[in-house]
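Q: Structure provided below as structure tokens; questions to follow.
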Amino acid sequence: MKYYPVFLDIWGKKCVVAGGGEVAARKVARLLDCGAKVLIVSPRLTPELTALKAESAIEHIAADYNIQYIEGAVLIIGATDDETINASISSDARSLGISVNIVDDPQKCDFILPSIVERGDLILAIGTGGKSPALARYLREEMEAVYGNEYAILLKVLGQLRGKMEKNTGKGRVWFDELLAGGLLDAIRKNDAGRVKKIIRDITGEEVHID
């Protein structure tokens, strides 16, 4: 099976996590970071998840999984250690047309979660089709060493320039190439805001804000 890569907008939408352990906590953290309304179904919670519940960051049903809890969700993640429950979650989700991911069991999944390198709004996702999480982790660590926080700043700068670059379709790609060739990324790495602004001004005529 070959998976179709996609970035999904789940802001403000119901996402269910079945399970309250450490793995579930990691999945919840990512969902919250993307603005989801997270419901956890589990008799027990880790201290981390308990703290999120106390802060009203998540909803929690202290019970075993039941199909009624996933109704209206856009996706569900099964993170229990019970294969029978995980199988039920997968079957129920598919019967309701809800995308489902069962941790470490690609056969029960509609989607799998990539290994991620995140630098601000820049997200580099690494997938192996579920064949080798170890390779995905290795590549993530390698990419983390190559792509530092300067890429988060570069993306912010390019975001400010996007409007003008799109209006000048013939020049947009040329400007992008010239900005990088002109040392923009190096200037960002060296935290030289004056040089960053000069490079951009000389090539595009635009002024940008550097945080």
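Q: Assuming R0 = 35 Å, can you tell me the calculated FRET efficiency for the pair residue 176 and residue 141, based on Cβ-Cβ distance, to the nearest 0.05? If you can, show how the numbers build up before the last one.
A: Details: r = 28 Å, r/R0 = 0.81.
E between residue 176 and residue 141, to the nearest 0.05, is 0.80.
Q: So for each of 154-163, 5-14 I average, over its residues, the number of other beta carbons within 10 Å; can you give me the resulting order with the highest mean first?
A: 154-163, 5-14
Q: Give a quick list of GluC sites (Glu not before Pro) in segment 1-91 that DSSP marks as loop, anything other than H, G, I, E or B, with at most 14 other Cβ atoms within 10 Å.
A: 55, 71
Q: Label points 7 Å out from Cα along the Cβ direction at residue 96 and residue 74: separation in nm?
A: Between residue 96 and residue 74, the simple spin-label model gives 1.6 nm.
Q: While we're on this one: If you rank 32, 179 by fewest surrounding Cβ atoms within 10 Å, what's the result? Can you show the working numbers first?
A: Numbers: 32 15, 179 22.
Final ranking by Cβ density, sparse to dense: 32, 179.
Q: Let me ask something additional. Give, in whole angstrom and from largest to smallest, the semi-axes √(5λ) of the equivalent ellipsoid of segment 13-74, with λ running over the eigenvalues of the Cα gyration tensor.
A: Equivalent ellipsoid semi-axes, largest first: 16, 14, 10 Å.
Q: Also, I was wondering about something else. According to the Kirkwood expression over distinct Cα-Cα pairs, how big is the hydrodynamic radius of segment 1-113, in Å?
A: By the Kirkwood definition, the hydrodynamic radius is 13.9 Å.
Q: Let me know the shape class of segment 130-210, please: from the alpha-carbon gyration tensor, a ≥ b ≥ c as square roots of the eigenvalues, rounded when a/c is under 1.5, otherwise prolate if a/b is greater than b/c, or oblate.
A: Prolate, because a/c is 1.5 or more and a/b exceeds b/c.
Q: Sticking with this structure for a sec: From the list (1) 142; (2) 120; (3) 162, can you say which value of volume of the Cα convex hull per residue in Å³ was derived from the structure given?
A: The calculated read-out lines up with (3).
Q: So who's got an amide H within less than 5 Å of the one on residue 40, skipping anything under 5 residues away but keeping other chains? H placed 1.01 Å off N, in plane.
A: The list, which skips near neighbours in sequence, is 17, 59, 60, 61.
Q: For the chain, with the dipole built from +1 on Lys and Arg beta-carbon atoms and -1 on Asp and Glu ones, taken about the Cα centre, which of 179, 4, 32 lies farthest toward the positive end?
A: 179
Q: Cut-off under 18 Å on the C-alpha distance; same-chain residues fewer than 8 positions from residue 190 excluded. Which aspartates and glutamates are left, in chain and number order?
A: 150, 211
Read the figures in this text as sums done on the coordinates, not as results from a lab. Just so it is clear, the model here is predicted, and its values are computed rather than measured. Note that each Cβ is placed from the backbone with ideal geometry, even for glycine, and that neighbours are counted across all protein chains shown.
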